[in-house]
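The values are calculated or read from the model by the stated rules, or taken from the named source; none is laboratory data. All figures in this text were calculated on a predicted structure; none of them were measured in a lab. Methodologically, a virtual Cβ is constructed for each residue, glycine included, from the backbone with ideal geometry; neighbour enumeration extends over all protein chains shown.
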Amino acid sequence: MAWEAVVGLEIHAQLATRSKIFSGASTAVGAEPNRQACAIDLGLPGVLPVLNEVVLRMAVMFGLATNATIAPCSIFARKNYFYPDLPKGYQISQYESPIVEHGELEVEFDDGSTKCIGITRAHLEEDAGKSVHDLFPSETGVDLNRAGVPLLEIVSEPDMRSAAEAVAYMRTIHSLVRYLGICDGNMEEGSFRCDANVSVRRSGDSALGIRAEIKNLNSFRFVERAIEYEVARQIEILESGGSIIQETRQYDSVTGETRAMRGKEEANDYRYFPDPDLLPVELQSDYIDRVRDGIPELPAAKTQRFMSQYGLGRRDARRLTLSPDTADYYEAVVRASGQPKLAANWITTDLAAALNRDGLEIYRCPIEPTELAALINCIIDGTISGTMAKKVFAAVWRREGDPISIIEKQDLSQVSDPETIDNLVDQVLASHPAQVDQYRAGKTKLLGFFVGQVMKITRGQANPEMVNHALHRKL
Amino acid sequence: MSIEPESISGIAQLARLHLSDDDGERYSRELSAILTFVEQMNEVDTAGVAPMAHPLDLTQPLRADTVTESDRREEFQANAPAVRDGLYIVPKVID
């Protein structure tokens, strides 16, 4: 009988605030070690944490965007464990009464099918510091700049049935938090990372198998590979008569394997209790209404609007709305060109390929929306052919100039003058009498040959439609 | 309610406290007495009473999201047993 994978994710999204969750220390990246760790972050005696209002608003926004229940009264708890990068000996988190519970999110897969994934809870907590193990041979260095940075931990139900589903869910959350403007989504810097809970069971079983938790996955690819490896590992153990141990595992991106983490198990008793330094957080319904009014158009709604307003297919509309930056870029090109279909084509193909090749995000794209619009307009009015447009695109990408000046400088404009085209066609027909006879005898496939000859003379700049037309007329 | 010496050593381990076997016996006895004392609370009928998260009948004030702290690394690190290159130094920790 077949096996079924069961996956749930715990996503940590770093909230995009200026200051920390409980202190006025800066959260800016790139500071020298410990220059942004204040007395509260260090847990010095006598300090008192005070909650950042923006952190609270961001958590409420996330809850509203996932149709969740927002707790009218939410409390903070201490999660106790010892580690050098946790100065207080506890992490301020939420246990009972988290701020967000019972949410859901519709996830669309590559084949167009959709699935609703449950969000068990989302709670606020502070990040720990960073341990540096490789700088000194026999000691560990601790940088506490990250201690106290606000995190929203988003816990899903075990609703995913494959690595691909888990990645699709994670991408949807990633897109959502960036739309909401509550997280920059930068995975390389660790602003968006996740733990995966993975188990397997016989297809048709309703009870869950024993799960392993894979820690700290910070790319979509790692999430996919780690889950695939873990599912295969568990199936192999079960099929050979063994049993799964509930444990924490680490993914090694070099070998593509997961392995058990040492020493974490025996202390897995966090003794949560309400933090006496923090009072209960009460949220009035008029506050929640005000936050709701500030929520921007979200990916699902934008996809629908792009389909109806611009006549796009679902696939293109989704690709263009995956990030708010891409959607804004697209709409700027449409405003400047009035060509929604061509704009979608260029952005999802040539522009996407170039960004991908150079490893750039769209907000750092070297081509301005107005320039792409100008290029599109040159195709529409017949100044250049589609083939030439690709050359101009590449030149603008290399910043050799704007589209119009490149077309003029390199003399790329398309030959669209009817008289010139007629003369060129006459010239080609006159110099290939044998082929003309064959064509007239029924070998119509030779049309392509004639078109090719005209293109050769014009270095590809003749308007292909007009050349075809003229050839048909004259042959 | 009684608490066994084995549980005492588990709790001590979580709190990073070193206890001798004699200590274990004594703490087992004393903590059991404390728990028994506290257990009297179970006799009170608390139906309809909301669990209390904080003894003060107040709600959490909020602070604006502004950076108010300046860099005081040198002052803070003057208290640390070992510091190098701006990092706090601890014995080697391996995951």
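Tell me which residues, restricted to the range A:118-155, are of a type in the set (S, T, N, Q) and either within 22 Å of the chain's Cα centre (by Cα) or more than 13 Å from chain B (Cβ to nearest Cβ) (or both). Talk me through it step by step, then tell me what you get.
Kept after step one, since they are of a type in the set (S, T, N, Q), are these residues of the range A:118-155: A:120, A:131, A:138, A:140, A:145.
The answer is A:Thr120, and nothing else.
Taking the range A:289-316 as the range and being surrounded by 15 or more Cβ atoms within 10 Å (Cβ to Cβ) and of a type outside the set (D, E, K, R) as the test, the residues that pass are A:Val291, A:Ile295, A:Leu298, A:Pro299, A:Ala300, A:Thr303, A:Phe306, A:Met307, A:Tyr310, A:Leu312. Number of residues in the range A:223-250 that are touching a residue at least 40 places away in the same chain (Cβ under 8 Å) and not hydrophobic (A, V, I, L, M, F, W, C): the value is 3.
Restrict the check to the range A:134-144 and report whether at least one residue is closer than 22 Å to A:Val29 by Cβ and polar (S, T, N, Q). Even if it seems obvious, please write down each step before you answer.
Going through the range A:134-144, the residues closer than 22 Å to A:Val29 by Cβ turn out to be A:134-135, A:140-144.
After this cut, where a residue has to be polar (S, T, N, Q) as well, the list is A:140.
Looking through the range A:134-144, at least one residue is closer than 22 Å to A:Val29 by Cβ and polar (S, T, N, Q).
Selection of the range A:179-189 for residues being in contact with a Phe, Trp or Tyr (Cβ under 9 Å, 6 or more places away or on another chain), in a loop (DSSP other than H, G, I, E, B) and not β-branched (Val, Ile, Thr) yields A:Cys183, A:Asp184, A:Gly185, A:Asn186, A:Met187.
Checked against the criterion of being over 22 Å from A:Gly24 (Cβ atoms), at pLDDT 95 or above and of a type outside the set (Gly, Ala, Ser), the candidates A:Ile99, A:Ile92, A:Ile70 yield just one match: A:Ile70.
I'd like to verify a number: residues in the range A:54-112 that are assigned to a loop (DSSP other than H, G, I, E, B) and either within 30 Å of B:Ala80 (Cα to Cα) or within 14 Å of chain B (Cβ to nearest Cβ) (or both), how many? Write out each step before concluding.
Filtering the range A:54-112 down to residues assigned to a loop (DSSP other than H, G, I, E, B) leaves A:66-68, A:71-72, A:75-76, A:81-89, A:94-99, A:109-112.
Still in the list and also either within 30 Å of B:Ala80 (Cα to Cα) or within 14 Å of chain B (Cβ to nearest Cβ) (or both): A:71-72, A:75-76, A:81-89, A:94-99.
Of the residues in the range A:54-112, 19 are assigned to a loop (DSSP other than H, G, I, E, B) and either within 30 Å of B:Ala80 (Cα to Cα) or within 14 Å of chain B (Cβ to nearest Cβ) (or both).
Scanning the range B:67-76 for residues that are in a helix (DSSP H, G or I) and facing chain A (nearest Cβ under 7 Å), which turns out farthest from A:Pro276 (Cα to Cα)? If you could, list the steps in order and put the result at the bottom.
Initially, the range B:67-76 is screened for residues in a helix (DSSP H, G or I), giving B:73-76.
After this cut, where a residue has to be facing chain A (nearest Cβ under 7 Å) as well, the list is B:73, B:76.
Working: B:Arg73: 28, B:Phe76: 25 Å.
Among residues in the range B:67-76 that are in a helix (DSSP H, G or I) and facing chain A (nearest Cβ under 7 Å), the one farthest from A:Pro276 (Cα to Cα) is B:Arg73.
The condition of being farther than 29 Å from A:Pro84 by Cβ and away from chain A (no Cβ under 14 Å) holds for only one of B:Ala47, B:Ala53, B:Ala64, that being B:Ala47. Applying the set (1) without any contact (Cβ under 8 Å) to a residue 12 or more places away in the chain; (2) assigned to a loop (DSSP other than H, G, I, E, B) to A:Glu408 leaves exactly one unmet item: (2).
Checked against (1) assigned to a loop (DSSP other than H, G, I, E, B); (2) over 22 Å from A:Thr258 (Cβ atoms); (3) more than 14 Å from every other protein chain (Cβ to nearest Cβ), A:Leu176 passes all but condition (1). Listed conditions (1) in contact with an Asp or Glu (Cβ under 6 Å, 6 or more places away or on another chain); (2) under 29 Å from A:Leu44 (Cα atoms) are all met by B:Met1, apart from (2). Would you point out the residue of the range A:35-53, among those that are touching an Asp or Glu at 6+ places or on another chain (Cβ under 9 Å) and either among the polar types (S, T, N, Q) or more than 9 Å from chain B (Cβ to nearest Cβ) (or both), that is surrounded by the fewest Cβ atoms within 10 Å (Cβ to Cβ)? Filtering the range A:35-53 for residues that are touching an Asp or Glu at 6+ places or on another chain (Cβ under 9 Å) and either among the polar types (S, T, N, Q) or more than 9 Å from chain B (Cβ to nearest Cβ) (or both), the one surrounded by the fewest Cβ atoms within 10 Å (Cβ to Cβ) comes out as A:Leu48. Please indicate, with yes or no, whether at least one residue in the range A:32-53 is touching a Pro at 6+ places or on another chain (Cβ under 7 Å) and polar (S, T, N, Q). Taking every residue of the range A:32-53 in turn, at least one turns out to be touching a Pro at 6+ places or on another chain (Cβ under 7 Å) and polar (S, T, N, Q).
Does the range B:78-93 hold any residues that are facing another protein chain (nearest Cβ under 7 Å) and either within 21 Å of A:Phe82 (Cβ to Cβ) or in contact (Cβ under 8 Å) with a residue 60 or more places away in the chain (or both), and which are they? Passing the criteria: B:Leu87, B:Tyr88, B:Ile89, B:Val90, B:Pro91, B:Lys92, B:Val93.
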